[in-house]
Amino acid sequence: MEFIALKEQFRRHEKHIRARMDAVLAHGQFIMGPEVRELESRLSEMVGTKHCLTCASGTSALDLVMMAWEVGPGDAVFTTPFSFFATAESIAKTGATPVFVDIEPATFNLNATDLERAVEAVLRRDDRLYPLPRQAQAGNPPLRPKAVVVVDIFGHPADYDAILPFARKCGMSVLEDAAQSFGGVYRGKPLCGCGCDAATASFFPAKPLGCYGDGGAVFTDDDALAGCVDSLRYHGRKDSSNKNDNVRLGTNGRLDTLQAAILLAKLDIFENELNLRNEVAKRYGALLCSLPDIVCPKMPLDGRSAWAQYSILLPKYVSRETCIRAMKKDAIPTSVFYPKGLHIQNALDYLEYKVEDFPVVQEVTARVLSLPMHPYLTEIEQQAVVASLGKALSR
Ligand SMILES: *Cc1c(COP(=O)(O)O)cnc(C)c1O
């Protein structure tokens, strides 16, 4: 059994993918070729934003927005500690201070009430109101609340109706890190197009829409931001007709034409794959309720998850390691996303957070386990996963 079935997907759609790749090999425009523009217009139409700028990776997408917003020293950028490292890395690299906010127990996404408390604590430089990094505590120069980076973890939409109005009131920009959720829907609006100032996607092979290498995209309705990101991803060039006129310090952050071609082929099957992922998730829910004390992910009530991962919480009384080993013996692959909160990653030691600063993250990182999830998982395979898990639990 595979954790993510990229080979099966290729087997089913090989002809279509190869035809798209062959077209690029024939025309030879490997950088910013026609497929890049075609992909950008299809993606922006799909999510309903004015602009889509593809780029080198999901990390590059986050970096480009941070650069365009001129996030830097003296800024506080609020985010979740329960994510892939890139989310916090992109903030910290600019010299800004990442300020972490605990998550909701039901969705594992940023808790909007905690966000309000964290902003208040930063403004008052008072870590009795909320756990703060050392740089935001009394005795340090005040930090300016600049932005919030919200993650739709495992593909589940975050609580934008609560987060967006509060951020606006505080004058903060909101960036949606939709690396895991592209294709999902929040209250009738496609993710990446649900009202944030900018959104980023990743096309890393293992994400719901993945290419055969690295890739990413920035989505926005903001003309100035789009123009700036377009320039930054190409060494700060003035515009496409002024390649040798560099007006800002940028980077090489472009998406290859070949990757764009692969994504165009996969985009044709994406909607169907998302529906299949949702069926797989529903089946897991039904099968897992026969097991004691397992916490299943909630199906979003008025939206759709992209189901990048199907992540459960194990009962407190079992050892996750024992469970993983037992399932491995039954040839069931599992994964732990994530065993450690970002607030206690060594690279961020200088923030001086403690593991117990975010109790929900502490609990979830200790108990979370991701089961095989891909569109082609069969009911029989899922029964085998759940039977193996049940056996492991009863040891
Ligand atoms: C995968 C991921 C990224 C980074 O994307 P890459 O394309 O690997 O650079 C950023 N944020 C989250 C939440 C992710 O899951």
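Order 160-169, 283-292 from most to least packed using the mean count of other Cβ atoms within 10 Å.
Numbers: 160-169: 16.8, 283-292: 15.1.
By packing density, highest mean first, the sequence is 160-169, 283-292.
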Row for the range 14-165, column shape: gyration tensor on C-alpha, a ≥ b ≥ c, rounded if a/c < 1.5 i.e. under 1.5, prolate if a/b over b/c, else oblate; value prolate
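Using a/c under 1.5 as the rounded threshold, could you call the chain rounded, prolate or oblate? The axes a ≥ b ≥ c are square roots of the C-alpha gyration tensor eigenvalues, and prolate needs a/b larger than b/c, oblate otherwise. Kindly include the intermediate steps, with their values, before the conclusion.
Numbers: a/c = 1.96, a/b = 1.06, b/c = 1.86.
Oblate, since a/c reaches 1.5 and b/c is not below a/b.
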Hey, fewest Cβ within 10 Å first, where do His343, His51, His16, His156 land in order? His16, His51, His343, His156
Length-normalised contact order of the chain in % [C-alpha pairs under 8 Å, at least 6 apart]: 21 percent
Given a cut-off of under 8 Å on Cα pairs at least six residues apart, what relative contact order in percent is computed for the range 1-128? 14 percent
By how many nm would the segment from Leu6 to Asn252 grow when fully extended, if each residue of separation counts as 0.36 nm and the alpha-carbon distance is taken off? 85.8 nm
Cβ-Cβ FRET estimate between Met299 and Glu38, R0 fixed at 45 Å, reported to 0.05: 0.85
The range 127-202: relative contact order from alpha carbon pairs under 8 Å, six or more residues apart, as a whole percent, is 27 percent
Once the in-chain neighbours fewer than 8 apart are removed, the lysines whose Cα is under 29 Å from Lys15 read Lys7, Lys207, Lys266
Cβ-based net charge around Lys207, under 14 Å, with every Lys or Arg adding one and every Asp or Glu removing one: -2
For a label point 7 angstrom out from the Cα of Leu123 toward its Cβ, which stretches of the range 137-157 have the backbone nitrogen within less than 16 Å? 142-148
Which of Val150, Val229, Val385 fluctuates most in a GNM of the chain (C-alpha springs under 10 Å)? That residue is Val385
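Indicate the gyration tensor shape class of the range 123-258 (rounded, prolate or oblate), computed on the Cα atoms with a ≥ b ≥ c the square roots of the eigenvalues: a/c under 1.5 is rounded; otherwise a/b larger than b/c is prolate and the rest oblate. Show your work: numbers first, answer last.
Values: a/c = 2.01, a/b = 1.32, b/c = 1.52.
It is oblate, given that a/c is not under 1.5 and a/b is not larger than b/c.
Read-outs: derived from the displayed coordinates by stated rules, not from any lab. The model shown is predicted, which means the values in this text are computed figures rather than measured ones. For neighbour counting, all protein chains shown are included, and Cβ atoms are generated from backbone atoms with ideal geometry for every residue, glycine included.
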